[in-house]
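Report on one structure; see the data block that follows.
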């Protein structure tokens, strides 16, 4: 197993109290595998990604990278692990230092790792070729490139030290549709060639379903459902997953007119004072008294590994709706 | 990594007023450099009759003062003191201000609290009073004035640096540097600082102007170094004869005014040239 | 109620570097009760079109150099600014992408709504307040009366967008221009806002010009679609025809690059369009899409006209015009 996270909790002190941005999240990612992580803004998905990067302090739980505990590594020990986990950021503008040339940006991880100038130049040329950027890109500044090309620069930088795991934090959300597909395809090609594992964070289900082997859905810092991507998308077991799928607009006018939509009422409650019991109950169309009293645990929903955190079993009902056939 | 980017001068020169400021500054620098050649002898020595008006005697194009010293020589040599004090006081202020502002923003928490309260303490004391106090305790040498002016001028720079650092600190490229294991000091010096500097440079160029005014004020009050020719001192010495020979105060006064104006114009020009939002207009 | 009819609208940017064609001969029309979706990627001119219609172009550098914006019998493009003030927010309203920054943070929600009512309807005091509360209730904000005294920062993004919509429809406009109204919102909230816009349109019969880059939103909302590329409308037609039988290679590329709910799996490759959107300063001569187009041939060095190729279905592409529409659809 490449990465294992057990019961990860990330807390932030805010003026209004302790914010449990991530609570009790466990996950596993294998080499060459993509775990999709979806949820709306404020659900803790980016914080989880940054916790795995060890960019925010982990309050609870354990992180294992290739069997090694990295939860509490510091200093040199942490520095030695860092190259194995790298990140592709959301914003192609702010993730690149505007005052550095592309060659210097892509070579930065190498220079931090103590490579010689000559080796860096060779490796940078190789990396630029890998992400299909022209050779002369190295001597230019980021602002001379379009959004999609800048994201390629960010990907080249993440790949510099041959990481085992790449955290992709909304890597295509800021890009135009036509360019989005280019970058998604590039990420897939790289995975096929290098066998890296991806944690692919996105709010956009349509992108995730195109890249993910497995899928995890988060709501208010907790995992509400996970399983094989195809299973979760075809047979969602949690009302929230079902609502997300239903809310995502489909690029098919005929289907859009006929399908049944669940439009969730209300908005995300404050994560500082989450509802008692099941955090989703305030917006859940099926909530009952039990949901306020008792927090549901993640339990197996089907035989093939799909798990859900809900007291009730909705998979049959949702599966019927997902195919467009009224239940 | 240089702060200057290609085309910086071209963008600067698009602002005509800034170009004029730069020309005045270069002229003053040239005058300061040429002073030992033009007037090799001590400028504070008596060379002719007192209160000779400008252009009256070709040997003294700017006239002589109340005791017969050559005003042109004092202006030329004074330019050296003025420029040196302005430059080094501004450098001192920038060094202190950037260090304190950057430290406060980067570490945050109680460090930020402490440093910002310290900054406020310096801000509430009127600058001139502070400078005069230091100078009257330590003596009015050029070094002391420079340091005193530097110590009172850093607060604005510290606040600006802190604000810039706060916005840059959370940019994703800083996180990317962390993720690759770059040590904090390198992130601060090589990544964040060059991005934070452009507006700070503008403020520093304005600090040179205010340092010159401070120096003039100190010298005007007669607390400066009596062995050093200074514009402010000449203004002060001429004030008793302001009814009859007003030119004694007016000539160095105009020099100070032009110099400060030039530096402000340059500051404005730099602001336009370094501001990326205006770059494509 | 009158619809909106844009005819041959051209806007240029007068910059230091030269005159750039931001919009070239854009013609659109939206009938009352209908929705026209204006689709395209960043920099294609869709927001510029909205601003030109509202006469909110940043002048300088932008200026309308040709064309009309007809609202009934009035040409908005030719109205003096003083008279435009009476039209904007009354007959034609607009909502923006970022609801948080579209509201004034130091003025209460109620005062911002009442300002419009006072200006255009002459309502003041008690009457204005009652109408404002009514509007908030209409856009689905519960406890409307109390919400009037809230400041925008107390509201979530979705709530702010509802308030923006309340302000926009306060004077029952004939036309609502919505510029990426849900781009900054989460999907579940996006669904709420789209539903709200549909409901309001059904109730008031206003014409909706919906600007978006999201083909999913288009499929959900639009009756007609206009696809823009590099400042021109390259394809225009009924929504079903655009999705089922797109004529322009750019539209086909966009559709191919959009993962289409449910069917695509892990191992399907998304079709991508090579290259990126050209900047206005370096537009190629002739068809601007030609350098990225798989079908480009010699003729594309000239600008293809927007021609009707199927009922109500127009495309500006020599390749599409050269072959029958159903052949293009099969490709």
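FYI, it's all coordinate maths here, none of it is from the lab. Being a predicted model, the structure only gives us computed values, none of them experimental. Reconstructed Cβ throughout: ideal geometry from the backbone, glycine too, with neighbour counts over all protein chains shown.
For segment A:1-71, the spherically averaged projection of the C-alpha convex hull amounts to 4.8 nm².
Could you tell me which of rounded, prolate or oblate describes segment A:22-112, using a ≥ b ≥ c as the square roots of the eigenvalues of the alpha-carbon gyration tensor, with rounded for a/c under 1.5 and, failing that, prolate when a/b is larger than b/c and oblate otherwise? Since a/c reaches 1.5 but b/c is at least a/b, the shape of segment A:22-112 is classed as oblate. Kirkwood Rh over Cα pairs of segment C:174-271 into Stokes-Einstein at 37 °C, 0.692 mPa s: D in µm²/s? Stokes-Einstein gives a translational diffusion coefficient of 221 µm²/s. Roughly how many Å is it from the Cα centre of segment B:124-184 to that of segment C:197-258, as a whole number? Centre-to-centre (Cα) distance: 55 Å. Among the residues of A:260-268, the average count of other protein chain beta-carbon atoms within 10 Å of the residue beta-carbon is 5.
Can you give the calculated 222 nm mean residue ellipticity of chain A, where each DSSP H run of n ≥ 4 adds -39,500 (n - 2.57) and the sum is split over every residue, rounded to the nearest 500 deg cm²/dmol?
Working: 12 runs with 112 residues, N = 327.
Computed mean residue ellipticity for chain A: -10000 deg cm²/dmol.
Taking every alpha-carbon pair under 8 Å whose residues sit at least 6 apart, segment B:78-274 reaches a relative contact order of 27 percent. Of the peptides B:63-69, B:96-102, the ranking by mean beta-carbon count within 10 Å, highest at the top, reads B:96-102, B:63-69. Segment C:84-135 and segment A:10-81 have Cα centres spaced 45 Å apart.
As a test of the formula, what do you get for chain C when each DSSP H run with n ≥ 4 contributes -39,500 (n - 2.57) and the sum is divided by the residue count, at 222 nm and rounded to the nearest 500 deg cm²/dmol?
-9000 deg cm²/dmol
A convex hull fitted around the alpha carbon atoms of segment B:78-274 yields 122 Å³ per residue.
The angle between the Cα long axis of helix A:177-194 and the main principal axis of chain A comes to about 70°, on a 0 to 90 degree scale. Who wins for biggest fluctuation among A:133, A:18, A:96 in a Gaussian network model of chain A, springs between alpha carbons below 10 Å? For chain A, modelled as a Gaussian network with Cα springs under 10 Å, the answer is A:18. Averaged over the residues of C:212-221, the number of partner chain Cβ atoms lying within 10 Å of the residue Cβ comes to 5.
The Cα trace of the protein assembly as shown gives Rg and Dmax of 33.5, 112 Å, the first to one decimal, the second as a whole number. Rounded to the nearest 500, the helix-only mean residue ellipticity at 222 nm of chain B stands at -23500 deg cm²/dmol, with each DSSP H run of n ≥ 4 adding -39,500 (n - 2.57). Site pair residue A:265 and residue B:33 shows an inter-label distance of 7.9 nm when each label is modelled 7 Å from Cα along Cα→Cβ. Taken residue by residue and averaged, Cβ atoms of other chains lying within 10 Å of the Cβ of C:179-187 number 3.
Once C-alpha pairs closer than 8 Å and six or more residues apart are averaged by separation and normalised to the residue number of chain A, the relative contact order reads 20 percent.
Given R0 = 22 Å, the distance between the Cβ atoms of residue B:84 and residue B:163 translates into a calculated FRET efficiency of 0.15.
How many percent of DSSP beta bridges within chain C run antiparallel, rounded to 5? Provide the component values of the computation, followed by the final result.
On the way: 30 of 49 bridges.
Expressed as a percentage, antiparallel bridges in chain C total about 60.
Measuring how big segment C:116-182 is from its alpha-carbon positions, Rg and Dmax come out at 12.0, 34 Å.
Looking only at the protein assembly as shown, where both bridge partners belong to it, what percent of the DSSP beta bridges are antiparallel (to the nearest 5)?
On the way: 59 of 96 bridges.
Just about 60 percent of them are antiparallel.
Taking 7 Å steps out from each Cα toward its Cβ at residue A:292 and residue A:136 produces label points 6.9 nm apart. Hey, what angle do you get for helix B:193-220 against the long axis of chain B, alpha-carbon based, 0 to 90 degrees rounded to 10? The answer is roughly 30 degrees. Multiplying the residue separation of residue B:53 and residue B:136 by 0.36 nm and subtracting their alpha-carbon distance yields 26.5 nm.
Relative contact order for chain C: what percent, with Cα pairs under 8 Å and sequence separation of 6 or more? Could you put the intermediate results ahead of the total?
Working: 616 pairs, mean separation 67.0, N = 331.
It comes to 20 percent, rounded to a whole number.
Modelled spin-label separation between residue C:240 and residue A:276, with each label point placed 7 Å from Cα along the Cα-to-Cβ direction: 5.3 nm. Helix B:142-169 and the long axis of chain B differ in direction by around 30°, with both axes built from C-alpha atoms.
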